[in-house]
C-alpha cells in the first residue's frame with residue numbers, strides 16, 4: 001500500500017504556541033487529510049523540541065525543573081491542537097513527538113554512532129573533536145557568524161542576535177564537530193538532481209547560494225558542565241549533543257529508527273522518507289544540516305522540504321508583543337470557527353510568501369467567502385429542495401425541449417456544460433494543492449460556487465415553482481446545485497473538515513468524507529430522492545463592529561490596532577541602503593522638465609561601474625520593515641549580497657529572477673549586521689519617493705556593463 005509521511009517542525013518548548021505554529025499544523029493537517037482521502041496510508045507528526053540551554057534558563061526563571069518546564073509548555077500545545085481540531089482525536093496528527101521520550105534517546109544515539117563511524121565524501125572523519133570559540137544564540141539554538149549579529153557600542157557588552165535582539169553567549173570550550181565543509185559538493189548535487197527537494201524555487205536558490213558561499217564545520221556538542229539538559233554523547237557523557245542534531249533526528253526516531261517501540265507502532269522502512277513543512281527561518285537547518293547528517297549516516301534523504309513564509313500584521317510588519325500586533329490564539333478560538341480560521345490561513349497566504357493576518361480581514365473573508373458564498377449556496381439550495389420538492393433531491397433529467405426553452409430565457413442548465421466545468425475545476429484544484437498553492441486552489445473552488453450561484457439566480461427557482469410546465473427545469477436546477485454541493489464537500493473536506501461534513505450530512509448523505517477520493521468523483525452520482533437532513537446555517541455572519549470591539553477589549557494592551565507613531569523608527573529607505581553611502585542614482589521628474597543643473601564629465605560617469613544582475617534570492621531583514629537582502633549574480637564567480645530599502649513596494653519572492661542594474665564598485669558597507677556589496681538602481685517619484693527598479697526590455701547577460 002502506498003504511504004505518505006508529513007511533518008511540521010517540532011517546536012521549541014521554551015515558550016507558548018502562536019499563530020506561526022498553528023499555521024504550519026493547519027498546512028500539514030490539510031495535506032495529511034488529502035492523502036488519506038486518496039486511500040494513501042498517511043503518518044502526520046508534530047511535537048516539541050525539549051532540550052537545550054534555553055529550556056534550562058526558562059525553567060530556572062519559572063522555578064521549575066527543565067522537565068517540568070517542558071511538560072508545562074507541552075500542555076499548552078496539546079490544548080491548542082485539541083482546540084483547533086488538529087489532535088489525533090479529531091483526525092489530526094498521528095504522534096505528538098517529544099524529544100524527552102526514551103525511544104528518542106535510543107534513536108539519536110544510533111544516528112550519532114553511524115555519523116561518528118562515517119567518512120565524508122572527501123575521505124575525512126565525519127565527526128572530530130576540537131575546540132569551539134564564538135557566539136551562540138540560545139533563542140535560535142544556533143551559532144552565529146559575524147554577519148548574523150550586531151556588535152554593541154559598549155565593548156564590554158556581548159553582541160546581540162539580529163533576530164531576537166538578545167545578548168549572545170560567548171563559548172570557548174572543547175566540542176565535537178561535524179565536518180560540514182566536506183559536504184558542499186554532495187549537497188549541491190542533491191539540489192541539482194532533485195529540483196523539488198527544496199520548495200519553492202526561490203528558497204532552493206537561497207539554500208544553494210548559501211552552500212556555494214562556503215560551509216564551515218559545525219559544532220555538534222556542548223560540555224555537559226555548560227549544557228546539562230540534553231542527550232549525552234554516546235561513550236562520552238562529558239558532552240551533550242547540540243540541540244539541532246538531537247531535534248532533527250526526531251523525524252526518523254518517531255517512526256522507529258534505532259528503537260523498537262516506534263518501529264512496532266509505525267515502521268521506519270514503511271513511512272520514511274518524509275515531507276518536511278518548515279518556516280523559512282529554519283530552512284537552513286532542514287535543507288543543509290539535516291541532509292548532510294543523513295548522508296553521513298547512510299540514511300535516505302527526505303521526500304522534500306517545503307518552506308512557507310511568515311505572518312505579518314495588516315501593515316506588513318512582523319508580529320511581536322512589543323509592537324502589540326500579535327494575533328491571540330485564545331481570541332481566534334473564541335470568536336471564529338475552526339473552519340473559518342483554516343480557510344483564511346490557506347486562502348490568504350500565497351504559499352512560500354509572507355502573508356498578512358488581521359482580525360478584520362478574517363471577519364471580511366468569513367462573511368464574504370463563507371457566509372455569503374459557500375454557506376449561502378448550501379442554505380438556499382437545501383431550503384428550496386425542502387420547500388419545492390418535499391425535502392427530497394429531485395431528478396436532474398430534463399427533456400430537450402425544456403432545455404432549449406431554458407436556454408432561450410438565459411438559463412444554462414445543460415448538464416454536460418456544468419459537469420465539464422466542475423470536473424475541470426476539480427482537476428485544477430488537485431494540481432494546485434499538490435504544489436501547496438492552496439490560495440489558488442481555493443480560488444478555483446470559489447469559481448465553482450460563483451458559477452452555480454449564477455445559474456440559480458438566472459433560473460429564479462422561486463418563479464419556476466409557480467409554473468407546472470417548468471417543473472423539469474426547476475428540478476434540473478436544484479439537482480445540479482445539490483450535486484455541486486456534494487463535490488464541494490469532498491474537495492473542501494481537507495481544508496474545512498467540520499463544515500464540509502456538516503453540509504454533507506444536511507444533503508442527506510451518510511458516511512465520512514475522509515475516505516472519499518476527489519479523483520473518483522463522477523457527475524450525477526447523487527441519488528435522486530435522497531431525503532435532505534435538518535437545515536442549519538453553517539457559517540453565520542459575524543457582526544464586525546461587535547466582534548472587533550470584543551477582541552480589542554480582551555487583547556489590550558496587545559491588540560492588533562497600531563498607530564503610525566508606534567512603528568519602528570529608523571528603517572532605511574531605498575536611498576538610505578547604507579548610512580554613509582551617496583544617494584541612490586535616480587531620475588527626477590523635475591529634471592526631465594527643466595533640465596539638469598549639475599553636469600559631469602564622461603570621466604566622472606566612467607567611474608561608476610554599472611552592471612546587469614539577476615536576483616537569485618531575496619528575503620526580508622528581521623526587525624527592518626523596509627529592507628530586502630538579495631543575492632545577485634553580476635557575472636562574477638560568486639553572487640553579490642546587496643541590501644535595498646524596497647521591501648514596502650516589492651515582495652521578496654517576486655524579485656527572484658528579475659534583471660536589475662547594480663552599482664558594482666560601491667564601497668561595501670554593513671547595515672543591520674549584513675554587508676551590502678553594491679547598490680540596486682531605481683527611479684523614484686511622488687511625494688513618498690516610491691522606488692521603481694530599473695530593468696531591461698530585452699534579455700541581457702548577467703555582468704554586462706552599462707555605458
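The values are calculated or read from the model by the stated rules, or taken from the named source; none is laboratory data. Nothing here was measured: the structure is a model prediction, and the numbers come from that model. FYI the Cβ positions are ideal-geometry reconstructions off the backbone, even for glycines, and counts take in every protein chain you see.
Details
- In this structure, residue 87 qualifies as surrounded by 19 or more Cβ atoms within 10 Å (Cβ to Cβ), assigned by TED's automatic domain parsing to the domain that holds residue 254, over 20 Å from residue 263 (Cα atoms) and without any contact (Cβ under 8 Å) to a residue 60 or more places away in the chain.
- Residue within the range 654-670 that is in contact with a helix residue (DSSP H, G or I) (Cβ under 7 Å, 6 or more places away or on another chain), part of a loop (DSSP other than H, G, I, E, B) and more than 23 Å from residue 352 (Cα to Cα) present: no
- In the range 234-280, the qualifying residues are those that are under 16 Å from residue 100 (Cα atoms) and at pLDDT below 95, and the one that is surrounded by the fewest Cβ atoms within 10 Å (Cβ to Cβ) is 244.
- Index of the failed condition, residue 662 passing every other in (1) surrounded by fewer than 22 Cβ atoms within 10 Å (Cβ to Cβ); (2) over 23 Å from residue 317 (Cα atoms): (1)
- Long-range neighbours under 6 Å by Cβ, at least six apart or interchain, first residue touching a residue at least 24 places away in the same chain (Cβ under 8 Å) within the range 512-524, second assigned to a loop (DSSP other than H, G, I, E, B) and buried (at least 16 other Cβ atoms within 10 Å of the Cβ): 513/493; 517/38
- Look at (1) under 31 Å from the mean Cα position of the chain (by Cα); (2) surrounded by fewer than 17 Cβ atoms within 10 Å (Cβ to Cβ); (3) at pLDDT 95 or above and you find that residue 522 fails only one, number (1).
- Only a single criterion out of (1) surrounded by fewer than 20 Cβ atoms within 10 Å (Cβ to Cβ); (2) under 25 Å from residue 618 (Cα atoms); (3) modelled with pLDDT of 95 or more is not satisfied by residue 289, namely (1).
- Test: residue in the range 106-115 that is in contact with a strand residue (DSSP E or B) (Cβ under 6 Å, 6 or more places away or on another chain), modelled with pLDDT of 95 or more and assigned by TED's automatic domain parsing to the domain that holds residue 32: no
- Within the range 526-553, the set of residues being assigned to a loop (DSSP other than H, G, I, E, B) and either without any contact (Cβ under 8 Å) to a residue 40 or more places away in the chain or assigned by TED's automatic domain parsing to the domain that holds residue 420 (or both) comprises 533, 534, 536, 543.
- Enumerated helices (runs of 4 or more DSSP H) restricted to the range 341-455, each holding at least 3 residues that are closer than 30 Å to residue 553 by Cβ: 359-365
- The range 298-352: number of residues that are out of contact with any helix residue (DSSP H, G or I) (no Cβ under 9 Å at 6 or more places or on another chain), more than 25 Å from residue 546 (Cβ to Cβ) and at pLDDT below 95: 7
Table: residues versus (1) exposed (fewer than 13 other Cβ atoms within 10 Å of the Cβ); (2) in a strand (DSSP E or B); (3) modelled with pLDDT of 90 or more.
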{"position": "131", "(1), (2), (3)": "yes, yes, no"}
{"position": "136", "(1), (2), (3)": "no, yes, no"}
{"position": "155", "(1), (2), (3)": "yes, no, no"}
{"position": "163", "(1), (2), (3)": "no, no, no"}
{"position": "172", "(1), (2), (3)": "yes, yes, no"}
{"position": "185", "(1), (2), (3)": "yes, no, yes"}
{"position": "210", "(1), (2), (3)": "no, no, yes"}
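- Filter result for residue 396 (surrounded by 14 or more Cβ atoms within 10 Å (Cβ to Cβ) and farther than 21 Å from residue 490 by Cα): no
- The listed residue being without any contact (Cβ under 8 Å) to a residue 12 or more places away in the chain and either under 30 Å from residue 113 (Cα atoms) or under 19 Å from the mean Cα position of the chain (by Cα) (or both), out of 283, 294: 294
- Considering the conditions (1) surrounded by 20 or more Cβ atoms within 10 Å (Cβ to Cβ); (2) within 24 Å of the chain's Cα centre (by Cα); (3) more than 21 Å from residue 58 (Cα to Cα); (4) free of Cβ contacts under 8 Å to residues at least 60 places away in the same chain, residue 195 is excluded by exactly one of them, (1).
- Here the condition is being crowded, with 18+ Cβ neighbours inside 10 Å, closer than 25 Å to residue 319 by Cβ and touching a strand residue (DSSP E or B) at 6+ places or on another chain (Cβ under 7 Å); of 42, 48, it holds for 48 alone.
- The range 629-648 - residue that is in contact with a strand residue (DSSP E or B) (Cβ under 6 Å, 6 or more places away or on another chain) and in a loop (DSSP other than H, G, I, E, B) and, of those, farthest from residue 354 (Cα to Cα): 634
- Per-region count, the range 538-552, residues buried (at least 18 other Cβ atoms within 10 Å of the Cβ) and within 30 Å of residue 507 (Cα to Cα): 3
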